[in-house]
Amino acid sequence: MLSVTLLASGSSGNCAVVKTDDAQVLVDAGTPYKTLAARMAYLGLEPADTAAILVTHEHTDHVSGLRVAARRLDIPVYLSKGTDRKTAFTGDSHVVGADDPFTVRDLHVQPLAASHDAEEPLAFAFRSGDSRAAILTDTGIATPAMHKVVRKAQFLALEANHDEQVLMAGRYPAYLKQRILSDEGHLSNAQAGCLLMESASDALSGVTLAHLSEQNNTVQLARETISHMISHRNDVSLELDVGQRHAVSRTAVIEDGCFSWQGALRTLPFLINRA
Ligand SMILES: [Zn+2]
Ligand SMILES: [Zn+2]
C-alpha cells in the first residue's frame, strides 16, 4: 500500500504525508507544526507515528515548520547537501543526493534533481511493493528523470503553478514574472499538461495538481487546461484533483495495483495556518 495526501499546498505552505504499511513520512513542513499536527489528526493520523521528514528545498513555504516538527517528533530529516547548508538544520539530518535512493522502512525513495532557484532542490518518487507515486513540485521544467518517473507512476502530485497568460497580464513585477516563468521557476498548467501528455502511461490513474498560485491561477483553470490536454491521450484515463492552500487533499491510495481516492477534499477553515 502506498498513499499520498497533501496537508497543504501553495506558496503559503507545503506539506504532504506519504504512507505505506510500515512507514509514515512527511514531505516538507511548510506550515506551523500546530497546523500540520491538527491536519494529521483530522485525517486520523498520529503525528508521533511519523518516521522522517523529507525536505525538497529551503524556501520558507517548505521549511517554516521544519525545526519544530523535527524536534517535537524527534525524527530524522532527509535533505540535499545544499538544502542542509541553506537551512542550517542542526538536528538529525541525512544528506541525500539526486542519484541517491534510500529507504525508510518499506518505503523506497528516489530523490530527483529539480530545476528551481534554490541551492540544491529535490523532488521525490516513491515505491512500496509494486505501488509507485511521486511528488513533483517547485521545478521550472520537467526533467528527463521526471519524465521517466511519470512513465511508471500510478499517482502524481504535480505542480500546476500558474497560467502563463494570467501571470503575464497580472500585477506581479516583471522580475518576479520572469523568475516564475524561467527554467528555475515553477511548472505552469500547460507544462504540467505536456508532461502528462508525453509521458503518462495507462498505469497513471490519479493526479493531484499542486502548488497553485493564488494570484496567477484558479482551480478551474488548472483543471480545465490539463483535462483538455490529457484528453488527447485516448489510452490514458486518470482522475484529476486539485490541492489547495486551506484544505487537505483527498488521499490517493494505491493498493495491489489498484488506485482509489479516500475522503473528499476537506476545507478546514478552522485549521488555517496559525502559529
Ligand atoms: Zn521554492
Ligand atoms: Zn514552493
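Any residue in region 91-111 that is over 26 Å from Thr35 (Cα atoms), at pLDDT below 95 and away from ligand 1 (no atom under 16 Å from the Cβ)?
yes
Out of all the residues in region 178-204, which are hydroxyl-bearing (Ser, Thr, Tyr), outside any loop (DSSP other than H, G, I, E, B) and surrounded by fewer than 23 Cβ atoms within 10 Å (Cβ to Cβ)? Please lay out each step first, then the result.
Keep residues of region 178-204 that are hydroxyl-bearing (Ser, Thr, Tyr), which gives 182, 188, 199, 201.
Those left that are additionally outside any loop (DSSP other than H, G, I, E, B): 188, 199.
The one that is hydroxyl-bearing (Ser, Thr, Tyr), outside any loop (DSSP other than H, G, I, E, B) and surrounded by fewer than 23 Cβ atoms within 10 Å (Cβ to Cβ): Ser199.
Among the residues of region 13-30, is any over 25 Å from Leu158 (Cβ atoms) and of a type in the set (A, V, I, L, M, F, W, C)?
Checked against the condition, which is being over 25 Å from Leu158 (Cβ atoms) and of a type in the set (A, V, I, L, M, F, W, C), region 13-30 yields no hits at all.
Can you confirm whether Val18 is within 16 Å of ligand 1 (Cβ to nearest atom), of a type in the set (Val, Ile, Thr) and either within 17 Å of the chain's Cα centre (by Cα) or at positive phi (or both)?
Values: within 16 Å of ligand 1 (Cβ to nearest atom): no; of a type in the set (Val, Ile, Thr): yes; either within 17 Å of the chain's Cα centre (by Cα) or at positive phi (or both): yes.
So Val18 does not fit the description; no.
Could you list, in sequence order, the residues of region 51-83 that are part of a helix (DSSP H, G or I), away from ligand 1 (no atom under 16 Å from the Cβ) and not aliphatic (A, V, I, L, M)?
Once the filter is applied, which keeps residues that are part of a helix (DSSP H, G or I), away from ligand 1 (no atom under 16 Å from the Cβ) and not aliphatic (A, V, I, L, M), region 51-83 yields Arg67, Arg71, Arg72, Lys81.
Could you list, in sequence order, all residues of region 133-148 that are over 14 Å from the mean Cα position of the chain (by Cα) and not in a loop (DSSP other than H, G, I, E, B)?
Pro144, Ala145, His147, Lys148
Taking only region 210-264 into account, find how many residues are over 21 Å from Ala200 (Cα atoms), among the polar types (S, T, N, Q) and surrounded by fewer than 17 Cβ atoms within 10 Å (Cβ to Cβ).
4
Answer yes or no: is there a residue in region 110-117 that is closer than 22 Å to Ala145 by Cα, in a strand (DSSP E or B) and small (Gly, Ala, Ser). Show your work before the answer.
Quick first cut of region 110-117, residues closer than 22 Å to Ala145 by Cα only: 110-117.
After this cut, where a residue has to be in a strand (DSSP E or B) as well, the list is 110-113.
After this cut, where a residue has to be small (Gly, Ala, Ser) as well, the list is 113.
Yes; the residues of region 110-117 include at least one that is closer than 22 Å to Ala145 by Cα, in a strand (DSSP E or B) and small (Gly, Ala, Ser).
Report yes if some residue within region 116-137 is within 30 Å of Cys258 (Cα to Cα) and surrounded by fewer than 17 Cβ atoms within 10 Å (Cβ to Cβ); otherwise report no.
Step one: filter region 116-137 for residues within 30 Å of Cys258 (Cα to Cα), giving 122-137.
Those still in the list that are surrounded by fewer than 17 Cβ atoms within 10 Å (Cβ to Cβ) too: 129-130.
Yes; the residues of region 116-137 include at least one that is within 30 Å of Cys258 (Cα to Cα) and surrounded by fewer than 17 Cβ atoms within 10 Å (Cβ to Cβ).
The values are calculated or read from the model by the stated rules, or taken from the named source; none is laboratory data. Quick caveat, the model's predicted, so the values are computed rather than measured. A quick note on method: Cβ atoms are made from the backbone with ideal geometry, for glycine too, and the neighbour counts reach across all protein chains shown.
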